[in-house]
Every structure is written in C-alpha cells, then in structure tokens.
Amino acid sequence: MAKKKEEAPDMVERFAEFKELKNIDKATMISVLEESFRNVLAKMFGTDENLDVIMNPDKGDVQIFQNLTVVPDGEVSDPNREIGLSDAREDQDPDVEIGEEHTKEIFFADFGRRAILNLRQTLQSKILDLQKEAVYNKFKDLEGELVSGEVYQTWSRETLLLDDDKNELLLPKSEAIPGDFFRKGETVRAVVANVDNKNNNPKITVSRTNENFLRRLFELEVPEIHDGLINIRAVARIPGERAKIAVESYDDRIDPVGACVGVKGSRIHGIVRELRNENIDVINYTANPALFIQRALSPAKVSSIRLDQDEKKAEVFLRPEEVSLAIGKGGLNIKLASMLTGYVIDVYRDAEDNVEEEDIYLDEFKDEIDSWVIDALKNIGCITARNVLSTPRAELIDKADLEEATVDHVIEVLRAEFEEE
C-alpha cells in the first residue's frame, strides 16, 4: 500500500517539471492541478463538494480529505458522504459521535493506474490550453514589434520559423521581400503582423514587407530614434524596390537625416542589406504640406506646387528635364511620395517661354483614347496634348510602356485636333 501512496507525490512532481517547461506561473499551475484533481474525483465519487484538495507546492505533493457524516453502524446509505460510527472511531477519531463530521484522508494513488492516467490526461489538456492562451496573449501584445526565429522549414507559399521558445511563426510568401531566400537554420527577423486564436489554436503571422519592419530596423540601428530624440513621422515602402522615410528631431542640435544615414552610410547600410538592397530615401519631415511634397519628390527639383488640402490633391509643376526624376523608374518615386505625404500628386511640365499655343488636357480625349492609356501618359508627366506631341515617339513607347500602334493612334488623334483648329 505504501508504494501506491508514493505514486501521487511523484506524479505531481513530474507535472511541476512540466510546468517549468511550459512557462506557466506557480499560482496558475497549483490552481490547474487542484481543478484537475477535483474533476477526476467528482467523476469517481459523484461530487467533490465534501472533498478538500490541498496542494503542497513546496513538497511537490497533494493531500485529499473526504468529509463524511457519522451515522449509526449499518445505516450508511451513501458511502461517499457517510461513514459508520465504528469505522470512524477506528480511523483515528475515537471520540467522534453520531451526527458529527469525520475527516478521512484518501490517497489518489489507491484508485489505480486508470485514475492516475485519467488525471494526467485531464491535466495535460488543461496545461495545453493554458499554454496556447499564454502564447496568444504574449504575441498579441507584440503585434508590430520585431521578432526573430530560426528557419525550420520552407514551402512554396510560406516559411516556418521557430523562436527561442520553439513557438511557431509563419512567414507567408506574400509577406516576404522579393528576393528573400532562406536556408534551414538561418535566423530571420520580421515583425509580428497578425495573431489569431481560432479554436484556441494560436496562429502567429510575421511580415518583412510591413512598414513597421522598416521602423523597427531604424530603431535598432539609430540610437537617437530608440531614445526618442528622433521621431519617425511617416514611412512608405514598395518592398524590395524602394522606400521613403520622413524623420524629425526634437533636438535642434541633431540632424535627423544625418543621424539615420550615419557616417558614410554606416547605419543605413545594414538596413538596406536586411531589406535585400531596397533603396531608402530619408527626408526631413515638415508640417508644411507643399514643402513636404517637394522633399518627398527628391531628387527632382519642383518649380511650383498647387494644393487642394480638402481633397488632398497636389498639382506639381517641374521643368521638362525634371519630370522623369519626379516620376522615377516605373513610377516608383511619385508613388512613394504620394504614400508618404498622403496626397494624390499629379505632375505637370512647366510651359516653355516660347510656347503660347492653346493646349488641351488629355482627359478631354476620353471618347477617342482609352482611359488607361491616358493614365499611362499622365504617369510620365504628359498631362496635355502638346506634352504628348512634344515628347519623342520612342520615349512615349518606352516610358509609358505602350504598344507602338497605341502610341501612333494617340498621336494621330491629338494632331487631328490641332489641324482642325
């Protein structure tokens, strides 16, 4: 009998070790142990109302006491609630009387391996639920923050990372930077993008394309940002291609752009490498929207800007040779400038001094030219008919990415309009 009674403390000690592995705090573990014992005992005795379960965490064992009402011998109707007078007095309670309560210690291990197995399964299930809840709460608080994990496995649509606690982090291909290629065992950094807990099964999705990834990298590399001396006001990214970041300093003695770039680019180079050579433009933030747009369109030099602050639209005028710089390769520069400033930016060529002829906006030709063709031309700075006609045909084909036949049709329509005049 003694051997069986030793099994319960040993079993609790094992669960205590299991608790340490799962990072569940002591108070919660004790509560879970007690609840698990009560659930199993309630099934065995029909109730746990007259049972006291006392956890002894320091000793690593548990004591269970059953409170029974003393009745005359031979009148026990429910052995789980009552005990005969003679049995009570024999059980180390010689002075007990009928109607009083007798407390009897019971040993869980005496109920055999089936009961112990049932307890283990109940406890493991509760601990697993607790662990999942703890993981969900931990990473829910980390949304938008930087984490790192070791590449465990890569599939066509996602990569599985494991952090230091072996929690699973999923990096979908859509959240990876174009050009990302990971090897098993490699350490990868990303930000926690989304955490859900459907059916109590935490799913942690991380991202390397999220704008917060760029923010956190700058916080790591630039102490002044981490210390709050420099603030990141806006970020715009086209992952793997180009990014713009607007910063301001709370200390007039600190040049925010210079601090972010570092001596000879020492600080920004590490970020660029992490982002697979994504070009990063760092600009000074200003509350003046016109000046902010002008800086955002760098390296192009803006001649003038006309703003509609209610509609968040900006008409930007540049010299002809600056238009392509403002738009950038593939339209990236103007797109990022719009994302950074929050304004829809339209680029216009400055009218040349010797040109006084009447001009017509391309939008007036929507009945004869498809809207998507007009948009493509506007994206390269050709806003009016004369803009198009003054641009070499080859340039229209190349920069607007249009078919030769389409460009010829546009030129024919526009020339016809002026010839009619």
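Here are a few things to note about the model shown:
- Residues that are farther than 28 Å from His226 by Cβ and polar (S, T, N, Q), drawn from the range 133-158: Gln153, Thr154, Ser156
- Of all residues in the range 134-146, those satisfying the criterion of being within 17 Å of Asn200 (Cα to Cα) and either surrounded by 14 or more Cβ atoms within 10 Å (Cβ to Cβ) or among the hydrophobic types (A, V, I, L, M, F, W, C) (or both) are Ala134, Val135, Tyr136, Lys138, Phe139, Lys140.
- Out of Val195, Val191, Val261, one residue alone is surrounded by 15 or more Cβ atoms within 10 Å (Cβ to Cβ), touching a helix residue (DSSP H, G or I) at 6+ places or on another chain (Cβ under 9 Å), on the phi < 0 side of the Ramachandran plot and without any contact (Cβ under 8 Å) to a residue 24 or more places away in the chain. It is Val261.
- The one condition in (1) within 24 Å of Lys329 (Cα to Cα); (2) in a strand (DSSP E or B); (3) under 16 Å from the mean Cα position of the chain (by Cα) that Ala243 fails to fulfil: (3)
- Some residue of the range 266-277 being modelled with pLDDT of 90 or more, over 27 Å from Phe181 (Cβ atoms), open to solvent by less than 60 Å² (accessible area, probe 1.4 Å) and touching a strand residue (DSSP E or B) at 6+ places or on another chain (Cβ under 9 Å): no
- Pairs, first closer than 15 Å to Phe45 by Cα and of a type in the set (Asp, Glu) in the range 73-97, second modelled with pLDDT of 90 or more and not in a loop (DSSP other than H, G, I, E, B), C-beta under 8 Å, six or more apart: Glu82/Leu68; Glu82/Thr69; Glu82/Val70; Glu82/Val71
- Selected residue (criterion: nearest to Glu211 (Cα to Cα)) from residues of the range 147-165 that are open to solvent by 50 Å² or more (accessible area, probe 1.4 Å) and assigned to a strand (DSSP E or B): Ser148
- Test: Arg306 is touching a strand residue (DSSP E or B) at 6+ places or on another chain (Cβ under 8 Å) and either surrounded by 20 or more Cβ atoms within 10 Å (Cβ to Cβ) or at negative phi (or both): yes
- Tabulated pairs, the range 374-397, first under 19 Å from Glu315 (Cβ atoms), second modelled with pLDDT under 85 and among the acidic types (Asp, Glu), C-beta under 6 angstrom, 6+ apart or interchain: Thr384/Asp359; Arg386/Asp359
- Hey, Arg253 charged (D, E, K, R), modelled with pLDDT of 95 or more and out of contact with any His (no Cβ under 9 Å at 6 or more places or on another chain) or not: no
- Any hit, the range 166-178, residues being under 21 Å from Lys132 (Cβ atoms) and surrounded by fewer than 14 Cβ atoms within 10 Å (Cβ to Cβ): yes
- The residues on offer are Ile127, Ile116, and the sole one that is surrounded by 14 or more Cβ atoms within 10 Å (Cβ to Cβ), modelled with pLDDT under 85 and under 30 Å from Val192 (Cβ atoms) is Ile127.
- Among the residues examined, Ile177 qualifies as touching a residue at least 60 places away in the same chain (Cβ under 8 Å) and in a loop (DSSP other than H, G, I, E, B).
- Residue under evaluation Arg233, criteria (1) assigned to a helix (DSSP H, G or I); (2) open to solvent by 30 Å² or more (accessible area, probe 1.4 Å), criterion not met: (1)
The values are calculated or read from the model by the stated rules, or taken from the named source; none is laboratory data. This is a predicted model, so every value here is computed, not measured. Cβ sites come from the backbone with ideal geometry, for glycine too, and all protein chains shown count toward neighbours. SASA here: full protein model, heavy atoms, side chains in, ligands and nucleic acids out. Shrake-Rupley method; radii C 1.70, N 1.55, O 1.52, S 1.80 Å.
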